[in-house]
Amino acid sequence: MWEDSDYCWVVLCKNHMFHLMKNFLFRHRIPLGFADAYMSVPPLNGPFSVKCDVCGAVYSYEPSEVLRVEHELPDSFKPHPLFR
């Protein structure tokens, strides 16, 4: 049976110590925008800042740090301005 999967663009939060207390096996993923299984990363010109939705820390990320993952986003999700 075929199911439609939800994909999104994410970066991994760099505030390791905060998130380590909750789950030491996986790093926290910060969702940036909606994606599908085949689309490429939107054009990004250099580093960009992202605020973590859990710990509130703001870090700078390179375009190479953006990942596509299969993840269901809540209805209240608002995409990062670069990923709209």
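Roughly how many debye, to the nearest 20, is the charge dipole of the chain about its Cα centre, given +1 on each Lys and Arg Cβ, -1 on each Asp and Glu Cβ, and no other charges?
Values: 8 positive and 10 negative charges, 101 e Å.
In total the dipole reaches around 480 debye.
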Taking only protein heavy atoms and a 1.4 Å probe, what accessible area per residue, in Å², does the chain have with all protein chains in place?
75
Pair residue 51, residue 75: separation of 7 Å Cα→Cβ label points (nm):
2.5
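Determine the calculated [θ] at 222 nm for the chain from helices alone, applying -39500 (n - 2.57) to every DSSP H run no shorter than 4 residues and normalising by the residue count; nearest 500 deg cm²/dmol. Before the final figure, lay out the partial values.
Values: 1 runs with 5 residues, N = 84.
After summing the helix terms and dividing by the residues of the chain, the value is -1000 deg cm²/dmol.
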Select from 42, 74, 63 the residue whose mean-square fluctuation is largest in a Gaussian network model of the chain (Cα-Cα springs shorter than 10 Å).
74
May I ask you to list the GluC sites (Glu not before Pro) in the range 13-84 that are in a DSSP loop and have at most 12 other Cβ atoms within 10 Å of their Cβ?
72
Semi-axes of the equivalent ellipsoid of the chain: what are they in whole Å, largest first, if each equals the square root of 5 times a C-alpha gyration tensor eigenvalue?
21, 17, 12
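The values are calculated or read from the model by the stated rules, or taken from the named source; none is laboratory data. Everything numeric in this text was worked out from a predicted model, so none of it was measured. In this analysis, Cβ positions are derived from the backbone assuming ideal geometry, glycine residues included, and neighbour counts consider all displayed protein chains. Accessible surface areas use protein heavy atoms only, side chains included; no ligands, DNA or RNA. Shrake-Rupley method; radii C 1.70, N 1.55, O 1.52, S 1.80 Å.
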